[in-house]
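To start, the structure under review is shown below, and the notes come after it.
The values are calculated or read from the model by the stated rules, or taken from the named source; none is laboratory data. The shown structure was predicted, so the numbers you read here are calculated from the model rather than taken from an experiment. Cβ coordinates were reconstructed from backbone atoms using ideal geometry, including for glycine residues, and neighbour counts include every protein chain displayed.
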Amino acid sequence: MKTKRNIKTVLILFCVLFVSMSVYLVYTVSVYGTRYFTSPYNTRTEKISNRVEAGKILDRNEKTLAYTSDGEREYSDSKTTRLATAHVLGDDMGQTIGAQSMFARYLLGFDQSVLDMILHPDSTLKGSNVELTIDSKLCRDIYELMEDHKGAVVITNYKTGEILASVSTPSFDPKKIKDYLDGDYELEDGALVNRATMGVYTPGSTFKIVTIVAALRYLPNVTEREFDCTGPLVFDKDTGKFRNGLTYSELTDDEKLDYVYLTDYKNETHGTMTLKEAFASSCNVTFARLAMEIGSSRLMKVAEELGVNKEFLFEEIMVNAGKMETGNSDYRLAWAGVGQHKDVMTPLHMCLLTGAVANNGTMMEPKLLNSVKTASGTQKHSLKAETYKQAIKPYEAEIIKEYMIEAVKHGTGTEAKISGVTVGGKTGSAEVSSNKETGTHAWFTGFIDSNKYPFAICVVCERAGTGGSVAAPIAKKALEMAMERLA
Amino acid sequence: MRKIKHVNSAGLLFLVVAFIMTGFFLLSFAGEKYDFLALLFAVTAGVLMLAVYVILIKISRHADRFVIIVADLLIGIGLLIQYRLNTDNAFRQLLFLVVGIILMFIIMALIKNTKFFEYISWPLMIVSIAVLSVLFFVGKEVGGARNWIIIAGIQFQPSEFVKLAFVVVLADWLTDRYRFFDLIIPMIFVFMIVGILMLERDLGAAVLLFGTSLIMFYVATGRKGAVLTGVGIGAIGAVGSYYLFDHVKARVAIWLNPWATYTTNGYQIAQGLMAIATGGMWGVGLGVGSPKLIPMYNNDYIFAVICEEFGVIFGILLIAFYLVLVIRGAIIALNATEKFYMLLSFGCTTIIALQSIIIIGGVIKMIPLTGITLPFVSQGGSSMIACLMMLGVLEGVSARSGMMLENRMAEIEEEMRTNENEA
């Protein structure tokens, strides 16, 4: 009978719907579960923390950074250590998201089995202890190195993804966050923001790493070509269209007002050079030309493969991804290709990208959790390196790595040289204001090319000057300290 | 005479009762003082379930055992969680359960023994439209929808009962009418009911009944073109109401990103998601969660509460239990010997299926949330009674077809015997 057949058809439809509901439920909990759970809006953890003694947070050398005593959350005795690790730890009043909220599941014993919960009456419940991958002494030294600069420094192990140090300045004292909420403790502007993971900065020339990946992928033989840099590129003021025939120096002063330009830092000209030299000397004109040659959609495609405009859903740390718009004109595309226009990156994203270059193009998932041990000492979780994605093709990574090493050897990043090891890097001096008096954001992102010290670093100093003169020396010292402590 | 054999499934029922008893036993330790009332409650519920099973089989050997056992399981989980949320509500729920069970038996007996339901299509049609229209003027607004009415001090939600009436009316009209002209009246009926529900902002019920009507049209007539047209009209209606009604627009917006409006519209969905995430795979444990943070925690959002305390794995099992109920319902429909009862039982099955999909899908943010109760589990008398009445339809149809089949078999045997004698 037809009706029976129709009933069977509808029944199959119902089965499909019910099954997809189950699948979606598992999907949403496994992919977004940690995010929802650690959301500052989730007051369920607070309720638990009243009756559970939250576990300790230790650094990779088992130095205690936070613990609970008499129901109060306590932190390291050293003020500098507290300030240096504040953003990684987060506070206990829900003002910032750090390890304390990301790992609340362990710290508050949510990971304990139902049987545990039944066997242990409420009051004696103790959370697990959490060991992080950071080295608190290294963080402290880097914090001191930053002096009065606002900004961030991140060091990762690019082979395992471990975050070895992450410092954001200005910082806050987690011990005094209650006073701050009561209005008794003043904080510097934006001190609660973790600049390393959440700070979106105009990347300037460090973004050329993205542009060069696209160039290597889409422009055949680009490594063998020669490029001419004869001064600023000229664009129509209204349409933003590139005027290839016009040369800046040949324009009269009146004519100059009719156009807009893509310039190099201090209007330098670099003459004729190879791609390698253009990268090492960070020539805007060449990279703007490359960006236009690659084209908006292809540049965007590569950027997205590298995580730009994406949403990172890492298990152990919340990271804002960089963003980019190529706009609808040559002019905007040209500036976007050299890390200006509306491009932004977070220091940790840039560090992951640089790490991928050093690691044959493989981007590792950033890890902050070394191990979890229950109050009774059973190990529940241990660090396992995980590939996030093959972001760059190995042969491209090989070339970019060579160029970055060249940039430190003979280019803009010479201040980052370390004797005894090979350092590669890229500087950036991002213009963030039309007022030329305001300093540029100083960027340095780089790596040590070594199996013994597989470190990637990213340094950002807000409005502090050029990347080569301000950020590179900090990177050098920070890497030297990391080598000393983590050999 | 040969008899149709049925699988003995009392063992399963004992398992279900044991599960519920264990739950209440755990709950009895939850407070500061030992709670004897919980045990009493559990024993009452358990005895009730066993009694219902026995009476059901007494009324008809052909009653479907699995439908009642799965329903018992769902009801038991509901009572358990309601008791944990609010003891008083749980007792009231138990009372509604008893009323519902009585109605279930009455409907079952009516279907098994009489043709009552085949004659009430016109009155039901008029009453449904009348009740919903009256509601439009005198209804009480709860949670943004004007769908409550108070008669003699008792609050109830007529749209819950309209669901059953709706299925009866459609089943009757679709039984032996195939020409397009014959379908005009049921179509007008569907559009009137859905339209009124939309105006009363009872989006959940509107979507549910519209979906049910499409499925019933398809099952009865097999006209794919007509049904697709219906889907198209529904889609246009959905898009239209998105632009016309701000509350529909708001629903879609909070579905796409509940966190953007966390402090206002998105609060409920966000809280639900956080509850599910907090529970994780295994749940925080019965009585340990914070269900009261979610608005409507004891009815629309009960699924999130269950996931928080029992875990996602249990949530998936719950979805599976509904699927079992739906599959058994469809089997009852497939075994029905008369088209009217086939459509009637499948209509009820469809209501239960769609209703669980709409609310669970909404809570887990798979589809935009429209408020509707979770069948058998949510707190609320009207919903519980209406669900049990639909259960009565399913059991009644199962009993009726079993009986008809046996009679038919007896006739055949009789014929064969006379044939033999003649020969």
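Select from region A:73-96 the residues that are assigned to a strand (DSSP E or B) and surrounded by 17 or more Cβ atoms within 10 Å (Cβ to Cβ) and list them in ascending order. If the condition is that a residue be assigned to a strand (DSSP E or B) and surrounded by 17 or more Cβ atoms within 10 Å (Cβ to Cβ), then A:Arg73, A:Tyr75 are the ones that fit. Is there a residue being facing chain A (nearest Cβ under 9 Å) and over 30 Å from B:Met403 (Cα atoms) anywhere in region B:291-303? Checked region B:291-303: at least one residue is facing chain A (nearest Cβ under 9 Å) and over 30 Å from B:Met403 (Cα atoms).
Summed over region A:220-238, residues that are farther than 15 Å from A:Trp335 by Cβ, part of a loop (DSSP other than H, G, I, E, B) and in contact with a helix residue (DSSP H, G or I) (Cβ under 9 Å, 6 or more places away or on another chain) total 3. Of the residues making up region B:31-43, just one is surrounded by 15 or more Cβ atoms within 10 Å (Cβ to Cβ) and outside any helix (DSSP H, G or I), namely B:Asp35.
Which of the residues belonging to region B:159-206 are aliphatic (A, V, I, L, M) and within 20 Å of A:Ile7 (Cα to Cα)? Residues satisfying the conditions are B:Leu164, B:Val167, B:Val168, B:Val169, B:Leu170, B:Ala171, B:Leu174, B:Leu183.
Looking only at residues in region B:278-290 that are in contact with a Lys or Arg (Cβ under 8 Å, 6 or more places away or on another chain) and surrounded by 24 or more Cβ atoms within 10 Å (Cβ to Cβ), the one that is farthest from the other protein chains (Cβ to nearest Cβ) is B:Gly289. Can we say B:Tyr53 is of a type outside the set (Gly, Ala, Ser) and touching a residue at least 40 places away in the same chain (Cβ under 8 Å)? Considered against the rule, which asks whether it is of a type outside the set (Gly, Ala, Ser) and touching a residue at least 40 places away in the same chain (Cβ under 8 Å), B:Tyr53 comes out as yes. Just wondering, is there one or more residues in region A:293-301 that are surrounded by fewer than 17 Cβ atoms within 10 Å (Cβ to Cβ) and either of a type in the set (Val, Ile, Thr) or at pLDDT below 90 (or both)? No, every residue in region A:293-301 fails to be surrounded by fewer than 17 Cβ atoms within 10 Å (Cβ to Cβ) and either of a type in the set (Val, Ile, Thr) or at pLDDT below 90 (or both). Of the residues making up region B:382-397, those that are more than 15 Å from B:Gly204 (Cβ to Cβ) and touching a Gly at 6+ places or on another chain (Cβ under 8 Å) number 5.
Of the residues making up region B:304-317, those that are more than 19 Å from A:Glu46 (Cβ to Cβ), buried (at least 24 other Cβ atoms within 10 Å of the Cβ) and more than 10 Å from chain A (Cβ to nearest Cβ) number 1. Of all residues in region A:1-45, those satisfying the criterion of being in a helix (DSSP H, G or I), β-branched (Val, Ile, Thr) and either within 22 Å of B:Val312 (Cα to Cα) or touching a Gly at 6+ places or on another chain (Cβ under 6 Å) (or both) are A:Val16, A:Val19, A:Val23, A:Val26, A:Thr28, A:Val29, A:Val31, A:Thr34, A:Thr38, A:Thr45.
Going through (1) modelled with pLDDT under 90; (2) over 17 Å from the mean Cα position of the chain (by Cα); (3) crowded, with 22+ Cβ neighbours inside 10 Å one by one, B:Gly371 falls short only on (2).
Residues are listed down the side, and each one gets a yes or a no for (1) of a type in the set (Phe, Trp, Tyr); (2) more than 19 Å from the chain's Cα centre (by Cα); (3) buried (at least 17 other Cβ atoms within 10 Å of the Cβ):
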position: A:Lys373; (1), (2), (3): no, yes, yes
position: A:Thr378; (1), (2), (3): no, yes, no
position: A:Ser382; (1), (2), (3): no, yes, no
position: A:Ala385; (1), (2), (3): no, no, no
position: A:Ala397; (1), (2), (3): no, no, yes
position: A:Ile405; (1), (2), (3): no, yes, yes
position: A:Lys417; (1), (2), (3): no, yes, no
position: A:Thr422; (1), (2), (3): no, yes, no
position: A:Thr427; (1), (2), (3): no, no, yes
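Evaluating A:Tyr248 against the criteria (1) under 26 Å from A:Glu325 (Cα atoms); (2) surrounded by 14 or more Cβ atoms within 10 Å (Cβ to Cβ) leaves one unmet condition, (1). Among the numbered conditions (1) of a type in the set (Val, Ile, Thr); (2) in a loop (DSSP other than H, G, I, E, B); (3) under 19 Å from A:Arg5 (Cα atoms); (4) facing chain A (nearest Cβ under 10 Å), the only one that B:Thr349 does not meet is (2). Filtering region A:5-25 to residues that are crowded, with 16+ Cβ neighbours inside 10 Å and either touching a helix residue (DSSP H, G or I) at 6+ places or on another chain (Cβ under 7 Å) or more than 8 Å from every other protein chain (Cβ to nearest Cβ) (or both) leaves A:Asn6, A:Ile7, A:Val10, A:Leu11, A:Phe14, A:Leu17, A:Phe18, A:Met21, A:Ser22, A:Leu25. What number of residues in region B:18-30 are part of a loop (DSSP other than H, G, I, E, B) and either closer than 16 Å to B:Phe91 by Cα or in contact with a Pro (Cβ under 7 Å, 6 or more places away or on another chain) (or both)? Selection size over region B:18-30: 1. Is there a residue being under 24 Å from B:Gly272 (Cβ atoms) and touching a residue at least 24 places away in the same chain (Cβ under 8 Å) anywhere in region A:10-20? There is no residue in region A:10-20 that is under 24 Å from B:Gly272 (Cβ atoms) and touching a residue at least 24 places away in the same chain (Cβ under 8 Å).
Looking across region B:261-277, the residues that are more than 9 Å from chain A (Cβ to nearest Cβ) and either assigned to a helix (DSSP H, G or I) or aliphatic (A, V, I, L, M) (or both) come down to B:Thr261, B:Gln268, B:Ile269, B:Gly272.
Here is a yes/no grid of residues against (1) part of a helix (DSSP H, G or I); (2) among the small types (Gly, Ala, Ser); (3) in contact with a His (Cβ under 9 Å, 6 or more places away or on another chain):
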| residue | (1), (2), (3) |
| --- | --- |
| A:Ala356 | yes, yes, no |
| A:Lys384 | no, no, no |
| A:Glu396 | yes, no, no |
| A:Gly420 | no, yes, no |
| A:Gly428 | no, yes, yes |
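Taking region A:35-72 as the range and being crowded, with 21+ Cβ neighbours inside 10 Å, touching a residue at least 60 places away in the same chain (Cβ under 8 Å) and facing another protein chain (nearest Cβ under 10 Å) as the test, the residues that pass are A:Phe37, A:Thr38, A:Thr45, A:Ile48.
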